[in-house]
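Only one structure is covered here, and it is reproduced in the block below.
The values are calculated or read from the model by the stated rules, or taken from the named source; none is laboratory data. In this text the structure is predicted, and so the values were computed from the model without any measurement. Counting neighbours? That spans all protein chains shown, and the Cβs are built from the backbone with ideal geometry, glycine included. Accessible surface is based on the protein model in full, side chains and every heavy atom, while ligands, DNA and RNA are left aside. Shrake-Rupley method; radii C 1.70, N 1.55, O 1.52, S 1.80 Å.
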Amino acid sequence: MREFTRTDRVGPELQRGLVEILREEVRDPRLKGITIQEVRVTRDLAHAKIFFTCFPMDEGGREQER
């Protein structure tokens, strides 16, 4: 009996890939503050829902100080 389904393994793998792409390949400074929280994949692996957070920025593109 399997403890984990395929979607349980594919979701975190997609998350790692997205994090690497954001860190290494994306040059847009507006995307540097994004953190991928979770990736949920449908049972048929056709769709994924990506949950992320981003740090607030002001109009000048700088992080807001609190």
Determine which single condition I50 fails, assuming it passes every other condition in (1) out of contact with any strand residue (DSSP E or B) (no Cβ under 9 Å at 6 or more places or on another chain); (2) in contact (Cβ under 8 Å) with a residue 12 or more places away in the chain; (3) of a type outside the set (S, T, Y). (1)
Among E20, E3, which is in a helix (DSSP H, G or I) and open to solvent by 100 Å² or more (accessible area, probe 1.4 Å)? E20
Please go through region 7-22 and pick out each residue that is touching a Lys or Arg at 6+ places or on another chain (Cβ under 9 Å) and either at pLDDT 90 or above or under 18 Å from P56 (Cβ atoms) (or both). G11, L22
Which of the residues belonging to region 23-57 are surrounded by fewer than 12 Cβ atoms within 10 Å (Cβ to Cβ) and either in contact with an Asp or Glu (Cβ under 8 Å, 6 or more places away or on another chain) or in a strand (DSSP E or B) (or both)? T35, Q37, E38, K49, F51, T53, C54, F55, P56
